[in-house]
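So the structure is just underneath, and the comments pick up after that.
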Amino acid sequence: MYLPRRTSRTASATATASRRGRGRIAAAALVSAAAVVALTGCSTFEYSEAICGGGEYPVMSVGSTGSSCVSDKEEPPAGSVRYPKGKVPQEVDDKWDVYWDTHTLDRDGKTITVPDAA
């Protein structure tokens, strides 16, 4: 006749606690790894914001540094003009957005430095 070997409850509880502890360590390691990937992965991602939304184009105010966006289906409002070809800002703080912070077009369409911005 075979009699099963008796184990003490303490030994069984210790083994279960050990397995739980390993599970917690593994979970903590996974959470830590996910946090590292999320934080360092995002630090190399450069966010850029478009000057205008889809279906719009940017226009500038004549004689000042003001600008706005107009529907592709509309002409610029009075006092505003399209940016010169090849000098249209596409994203906030891009080369042309920064340039037009200190420059504008006069009534004759000539590029001038804005006196107050210099």
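No value in this document is a laboratory result; all are computed from the given coordinates. If you're wondering where the values come from, they're calculated on a predicted model, not measured in any experiment. Cβ sites come from the backbone with ideal geometry, for glycine too, and all protein chains shown count toward neighbours.
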Legend entry - Under 5 Å, built H, 5+ apart or other chain: amide partners of His103: Val114
Inset, instruction - Pop a pseudo-label 7 angstrom from the Cα along the beta-carbon direction at both Gln90 and Ala50 and give the gap in nm to one decimal. - result: 1.2 nm
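Report the relative contact order of segment 51-100, percent, no decimals, based on alpha-carbon pairs under 8 angstrom and at least 6 residues apart.
Reported relative contact order: 33 percent.
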Legend entry - Interchain or long-range residues, amide H under 5 Å from Val70's placed H: Tyr57, Val59
